[in-house]
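Values in this text are rule-based calculations from the coordinates and carry no lab data. Note that the structure is a prediction, hence the values are computed from the model and not measured. Using ideal geometry, Cβ is built from the backbone for each residue, glycine included, and neighbour counts are taken over all protein chains shown.
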Amino acid sequence: MVGFETLFARFNSSARRLGRRVLLLLLVFMGAIAFAGCNPSQFTTAEATSSRIIYSTLGDPKTFNPALSQEYPNIFLYTVEGMITLDGETGETIPWLAESWDIADDGLTYTFTLREGLKWSDGEPLTAADVFFTFHDVIFNEAIPAPSRDVFRIGSEGLLPEIEQLDERRVRFTLPEPFAPFLRTSGTGLLPAHALKDSVDNVDADGNPLFLSTWTTGTPVEELVCNGAYRLKEYIPGQRVVFEKNPYYWYQGEQGDQRPYVQELIGQVIESRDNELLSFRSGGLDVIERISTKNFPLLKREAERGNFTVYDGGPDLGTLFMSFNLNKASRNGQPLVDPIKSKWFNSVNFRRAVSYAIDRPTMVNNVYQGLGEPQTSPIAVQSPYYAGPEDGIPTYEYNLDQARSLLEEDGFQFASDGRLLDAEGNRVRFTLITNAGNVEREATGAQIKQDLSKIGIQVDFQPISFNALVTKLGDSLDWEAHIIGFTAGLEPHGGSTIWRLDGTLHSFNQQALPGQEPLEGWEAADWERQISDIYVRAAQTIDEQERFELYKESQRLTQEYLPYLYLVNKLNFGAVRNTIENVNYSGIVRPHSLWNVSELQVSR
């Protein structure tokens, strides 16, 4: 849309202003046609027509099984809830499905009491038996690759808590040692034992629990059971997911009115950020989150005419980074990464040279319109555990001379035409991927391609679909370099799934997960083990200053050895129609616009 905005800016005369109006009307008309799938007239009942919120999602869901999901955004933001949750204004832990909890003086025992009368979306009672099943049978089950298990591992041995059901409403967790993040992590979404236990207890021909193939995206939606404000009503691949109000949802207002107020949520699948913007401007969407900074000025100008509000959530909690595949392992005798390229990628000097060659200030100005800062840490700046350059964390300011010096120090050489060659004379060339349709990441990749050409590296930049990217990073592992982001929270332990050696999102050097073909020759670097150990010790540490010092050291190591080359921390903007009431945009809880979805109302 920036191209159109630039074109409009040239129309200064009254005649051209008329042309501008005509062109804008034409664009809106075209957008309405292109996004007929977003047209409210196609969605079911009169009640739903006056009580729905339409938002967008970048891709189709990969699973309907919340315990196996590794993607964001996902459908479980609206369908699955846990015992506790986070307040979107303060970030504090607050009771949710559990009305209370008790922590023993030694910090090793946590007892949760569920609210009375909880039910699943099929009307079956939700009890402590479901909590026990969720944690004992699924999350803590090593035969199931549940990403959330990583954040519960305690101590150097990665021990898991023990759980027991005390009665219909109470469960008790016993920890092997103090574990500072436990309360926050106990908000993991609950699963229905009556619907899923058989799939955990029974195995397929390969000995894997049937649970791994249960509730796929091919499962009829009426078979899915959940406990959130909404349940899935319809899924049309490539088009939309439709949620309807859960009639058994527990939350009530002060007057006893059942929440949520809004009857339907519709997640429109729009893989292109440009198309998402066009759909919002043409009225096809009610919400657009994480607005690209290049589109922020445009939406601010249009807010009054378009009857929406642009919200500023402050610095984004997420990270944006480039990473090389450092995995030296093989699968079925074939190296995951070409050994020639693997040698480059595993050179610390090579990674530092690349980082020095990336012009982050220009990236901030050109890609993010100045609405961001160069990023230097995997931990959010809002976190009390964040450490910046003033704390001695290494940074890589744009410096081509330093980049060339590091490469030459490592045996690389420059041909007469400027091409970079390794010590054996191989041209330095690799493929960089990111998710197609994300305008900022595509622009970031294009700039990195240009930046690295200045030190003789040829980058083949290839945006691919989001689902294809997730498959490469978590399953096939056949990639060379990528650009992606990760969003955790104020508590750094949420990132342990990235930093622990056995983490399911340890993408720069991923081990095979349960159910995947095994790897041969996997190994970890010393610094990699140090970071993993720090995340273990920091979770064991109760003293806040000691925790800060540990996480500070982890940030120093990540910046010294650069498994991820952090790029830009942009500001978090979202836009919501003024017809949606009680919006309380949060910069620290997701989904930012709809985190309090049970409180929202629609007036049309």
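Under 16 Å between alpha carbons, and skipping anything fewer than 8 positions from K294 in its own chain: which aspartates and glutamates qualify?
E5, D274, E276, E302, D312, D316, E373, E440, E442
For the stretch 200-286, run through the GluC sites (Glu not before Pro) and keep only the ones in DSSP coil with at most 15 other Cβ atoms within 10 Å of their Cβ. Walk me through the intermediate numbers first.
Working: sites: E222, E223, E234, E244, E254, E264, E271, E276; in loops: E254, E271.
Those satisfying the criteria are E254.
Which whole-Hz couplings ³J(HN,Hα) result when phi for each residue of the stretch 279-289 is put into the Karplus expression 6.51 cos²θ - 1.76 cosθ + 1.60, θ = phi - 60°, listed in order with x for Gly and Pro?
For the stretch 279-289, the Karplus curve yields 5, 5, 5, 8, x, x, 10, 9, 9, 9, 9 Hz.
In terms of Cα to Cα distance under 26 Å, which lysines are near enough to K62, apart from those fewer than 8 places away along the same chain?
K197, K233, K245, K472
Which is farthest toward the positive dipole end of the stretch 417-483 among N426, V459, W479, measuring Cα position about the Cα centre, with Cβ charges +1 (Lys, Arg) and -1 (Asp, Glu)?
My answer, from the dipole projection, is V459.
Which percent of Cα-Cα pairs in the stretch 317-376 sits in each 10 Å bin, short to long?
Percent of Cα pairs in each bin: 19, 37, 25, 16, 3.
Taking amide H positions as placed in the peptide plane 1.01 Å from N, state which residues far from I464 in sequence (5 or more) or on other chains have amide H under 5 Å from it.
Distant-sequence amide H within range of I464: T434, N435, A436.
Got a sec to turn the phi values of the stretch 209-221 into Karplus ³J(HN,Hα) couplings, 6.51 cos²θ - 1.76 cosθ + 1.60 with θ = phi - 60°, whole Hz, x for Gly and Pro?
Each residue of the stretch 209-221 in turn: x, 4, 3, 5, 10, 9, 6, 7, 5, x, 6, x, 4 Hz.
Grab the other residues whose beta carbon is less than 12 angstrom from that of P361, score K and R as +1, D and E as -1, and report the net. Write down the numbers at each step before the final one.
Details: positive: R360; negative: D359, E373, E397, D451.
Residues close to P361 contribute a combined charge of -3.
Got a sec? Charge dipole of the chain, +1 on Cβ for Lys and Arg, -1 for Asp and Glu; which of Q510, P181, P220 is way out at the positive end?
So the residue we want is P220.
Evaluate the relative contact order of the stretch 318-570 (contact order divided by residue number), counting alpha-carbon pairs under 8 angstrom at least 6 apart; express in whole percent.
For the stretch 318-570, the relative contact order is 33 percent.
May I ask you to evaluate 6.51 cos²θ - 1.76 cosθ + 1.60, the Karplus curve with θ = phi - 60°, for each residue of the stretch 245-258 and list the ³J(HN,Hα) values in order in whole Hz, giving x for glycine and proline?
4, 6, x, 10, 5, 7, 6, 10, x, 4, 8, x, 6, 6
Quick one: grab the alpha carbon gyration tensor of the chain, order the square roots of its eigenvalues as a ≥ b ≥ c, and give me rounded if a/c is under 1.5, else prolate or oblate depending on whether a/b is larger than b/c. It would help to have the intermediate numbers written out before the result.
Values: a/c = 1.70, a/b = 1.09, b/c = 1.56.
Cα axes put the chain in the oblate bin.
Give me the base-10 log of I(q)/I(0) for the stretch 537-604 at each q in 0.16, 0.18, 0.29 Å⁻¹, Debye formula, one uniform scatterer per Cα, rounded to two decimals.
Computed log10 I(q)/I(0) values: -0.77, -0.81, -1.15.
Report, by chain and number, residues whose modeled amide H sits under 5 Å from the one on K233, excluding near sequence neighbours (fewer than 5 apart, same chain).
Placed amide hydrogens put V242, F243, E244 under 5 Å from K233.
Considering only L166, H136, A146, whose Cα is most displaced toward the positive end of the charge dipole of the stretch 81-200, charges sitting on Cβ of Lys, Arg (+1) and Asp, Glu (-1)?
The residue sitting most towards the positive pole is A146.
Defining a contact as two alpha carbons under 8 Å apart and six or more residues distant in sequence, what relative contact order in percent does the chain show? Mind showing how you got there, number by number?
Values: 1184 pairs, mean separation 120.1, N = 604.
Dividing the mean separation by the residue count of the chain yields 20 percent.
Once you have the alpha carbon radius of gyration of the stretch 318-570, what is it after dividing by 2.2 N^0.38 Å, with N set to its residue count?
Working: Rg = 17.7 Å, N = 253, 2.2 N^0.38 = 18.0 Å.
Compared with the compact-globule rule of thumb, the stretch 318-570 sits at 0.99.
Summing Lys, Arg as +1 and Asp, Glu as -1, what charge do residues with Cβ under 12 Å from the Cβ of Y561 carry, Y561 excluded?
Details: positive: R351, R352, R529, R556; negative: D526, E528, E560.
For residues surrounding Y561, the net value is +1.
Tally Lys and Arg at +1 and Asp and Glu at -1 over the other residues with C-beta under 15 Å from the C-beta of D257: what net charge comes out?
Values: positive: K245, R259; negative: E254, E581, E599.
Spelling it out: positives minus negatives among the neighbours equals -1.
Express the relative contact order of the stretch 81-200 as a whole percentage, based on alpha carbon pairs under 8 Å and six or more residues apart in sequence. Before the final figure, lay out each step's value.
Values: 191 pairs, mean separation 37.7, N = 120.
Normalised by residue count, the contact order of the stretch 81-200 is 31 percent.
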